[in-house]
């Protein structure tokens, strides 16, 4: 049965989830409209701050009491640190990796916990499913990427390193330099943010669709005997998507941190 057919057979119409699902009301109860929010602090913004606090608390608690025989919490923290230090920072950045480990570790857990909020009861919203938050974090990484290159090579040296590939004939540089500038300076923060945003946006939308759609099929839809079993199936699919979202949330935190390390490593590399 088509979506239109389901609505016509229903005692109460089903409103399909859309982009407005990502605009949470503020603390005064005001909803988003075509004019946007008229307050600065929304519930989505608060979740982002809570994610930072949770990430800090996790790292602080697991590293507070170092023991020769580690507790479960200390062991978990040490494994997480080793994963970021050895598996991302050292492998990608190289010899100068040590000073960037705290940044990469903080980024990984900040993105991870905020992504996992999408499946936490009463939160059920991943802040990075809002593209503005993803843009902001990617802009921070972009500033760090530029700053690392300028401090390591100087402004002119960084631009030459970034825009002028070695061994390329001079006659092709007028065509190649603008492309390198577009790729390495302009496009990087955009692709970094959109990758994170798109995955969290799609996951949240699917969770909302199957949970609200399942409830509608079970309690409000009428007109066909197959609607109730379809509602149960929708709930089961929603649960499966919830488990899948744990994997996606972790993977996106890893990819974001990995790409950040890649950009920093590129700024520090001797060759283009």
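The values are calculated or read from the model by the stated rules, or taken from the named source; none is laboratory data. Small disclaimer: the values here were computed from a predicted structure and weren't measured. Using ideal geometry, Cβ is built from the backbone for each residue, glycine included, and neighbour counts are taken over all protein chains shown.
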List pairs: first in region 260-272 and in a helix (DSSP H, G or I), second surrounded by fewer than 19 Cβ atoms within 10 Å (Cβ to Cβ) and at pLDDT below 95, Cβ under 6 Å, 6+ apart or cross-chain?
268/96; 268/152
Of everything in region 37-53, what is assigned to a helix (DSSP H, G or I) and either modelled with pLDDT of 85 or more or over 13 Å from residue 123 (Cβ atoms) (or both)? Give them in sequence order.
45, 46, 47, 48, 49, 50, 51, 52, 53
Between 154, 170, which is loosely packed, with under 11 Cβ neighbours inside 10 Å and farther than 20 Å from residue 256 by Cα?
170
Residue 134 vs. criteria part of a helix (DSSP H, G or I), at pLDDT 85 or above, touching a helix residue (DSSP H, G or I) at 6+ places or on another chain (Cβ under 7 Å) and buried (at least 19 other Cβ atoms within 10 Å of the Cβ):
yes
Could you say which residue among 83, 27, 58 is modelled with pLDDT of 85 or more and touching a helix residue (DSSP H, G or I) at 6+ places or on another chain (Cβ under 8 Å)?
58
